[in-house]
Amino acid sequence: MTTAGQEDPGQRASAMGRALLALGDRWTLLILQRASLGTRKFSQWQEALGVSNSVLTSRLRELEQHQILARVPDPQYAGRFEYRLTERGLDLWSVLVAIWAWERRWVLGRQSTLPDLRHDRCGYACTPRLTCTCAPQPITPRDTTAVRRSSLTVADVSTPRLHRRTSAPAPSDPMAYLPNTMELLGNRWSIAVLAAAFIGIRRFGDFERDLGIPPVILTDRLRRFVDLGVFRRGVYDQRYGREEYRLTQKGLAFFDVIALAFRWGERWFPGSPVVTIRHRRCGRILEPVLRCDRCQATLTRREVRFVH
Ligand SMILES: [Zn+2]
Ligand SMILES: [Zn+2]
């Protein structure tokens with residue numbers, strides 16, 4: 001529901017599109033990451049991220065429009081405001097935890113710089129595992145099937161943002177910098193290419209047709225993804241000698257983030273689903289949750305925290 005006179009920016013897009021529209025920007029991800037660690041004030045984000053006034057203002061306004069952050073009076077200073085995560089925003093915690101886990105596992109040098117995640121229930125520093133609610137076994141994309149639900153293509157949801165390119169923040173605080181994730185999620189076309197790969201698209205021409213993506217941008221994105229070790233390029237069909245781009249182990253592991261972000265979008269931005277992910281084992285729509293690798297319990301927002 002939107003307030004009268006206030007246009008929801010993602011109104012006509014699909015559930016997935018609306019979720020990605022709300023998240024698909026590198027600064028937005030970092031602002032949310034900080035918010036989940038307790039940041040509420042403009043000056044705190046500015047200090048932690050080294051972000052300019054205008055960029056921070058515009059991103060906070062968007063997060064407010066998407067009802068992820070709410071602007072409330074600052075209890076300490078009359079006339080000032082602070083921003084709090086709404087229920088919708090708080091519900092992003094598992095996406096942010098999955099991003100942390102992926103960066104730590106797959107990005108060189110991050111193991112030692114990123115904090116640990118402590119599970120209060122068992123008391124251990126844990127590594128979250130993605131599972132379906134039906135069983136405790138970890139799942140990978142191979143345990144699922146992605147079914148396209150409508151004629152909408154990912155392109156319908158991937159209108160490029162109008163923001164000008166902004167530089168990456170200074171990595172003074174390790175959590176203020178998610179280098180690979182920002183490449184994968186920090187731009188609408190990147191997300192679209194990645195999402196297409198997860199539903200089985202492999203050839204240049206198919207990406208181009210399916211996404212309606214300009215070839216120059218597609219070439220650039222594919223090259224970046226190969227450089228990051230997320231895609232590998234090869235000729236897999238010798239008969240026709242056609243080149244394909246396939247997800248590597250590192251790329252496949254990003255499924256956790258994508259699956260949780262999709263589910264979040266479906267919960268909070270009802271619309272027609274472009275793609276449904278089914279879990280083969282139970283045959284139902286994948287209900288992704290994170291579990292503790294130490295005690296196997298399902299992780300909840302209130303029972304995990306980052307510790308240095
Ligand atoms: Zn299941
Ligand atoms: Zn545990």
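Using 0.36 nm per residue of separation minus the Cα-Cα distance, give me the extension gain between residue 76 and residue 242 in nm, one decimal. Please list the in-between numbers first.
Details: separation 166, 0.36 × 166 = 59.76 nm, distance 6.31 nm.
The span from residue 76 to residue 242 would gain 53.4 nm if fully extended.
Between residue 281 and residue 303, what FRET efficiency comes out of the Förster formula 1/(1 + (r/R0)^6) with R0 = 30 Å and r the beta carbon distance, rounded to 0.05? Can you show the working numbers first?
Details: r = 26 Å, r/R0 = 0.86.
Step by step, r from the Cβ atoms, then E = 0.70.
Starting from the Cα of residue 53, step 7 Å along the direction of its Cβ; do the same at residue 293; then give the gap between the two resulting points in nm.
So the label points at residue 53 and residue 293 sit 4.6 nm apart.
Can you tell me the mean projection area, over all orientations, of the convex hull of the range 26-117's alpha carbons? Units nm², please. Walk me through the numbers on the way to the answer.
Details: hull surface 26.5 nm².
With the hull built on Cα positions only, its mean projection is 6.6 nm².
Compute the length gained on full extension between residue 111 and residue 124: take 0.36 nm times their separation in residues and subtract their Cα-Cα distance, giving the result in nm to one decimal. Present the calculation step by step, with values, prior to reporting the outcome.
Details: separation 13, 0.36 × 13 = 4.68 nm, distance 1.67 nm.
Extra length from residue 111 to residue 124 when fully extended: 3.0 nm.
What per residue convex hull volume, in Å³, comes out for the range 172-242 when only alpha-carbon positions are used?
Working: hull volume 7.0 nm³, N = 71.
For the range 172-242, the hull spanned by Cα atoms encloses 98 Å³ per residue.
Amide H of residue 121 versus every other amide H placed in the peptide plane: which residues, excluding those fewer than 5 positions away on the same chain, fall under 5 Å?
Result for residue 121 returns nothing.
Where a number appears in this text, it was derived from the coordinates with a stated rule and is not lab data. Remember, it's a predicted structure, so these values are computed and weren't measured experimentally. Please note: Cβ atoms are built from the backbone with ideal geometry, for glycine as well, and neighbour counts cover all protein chains shown.
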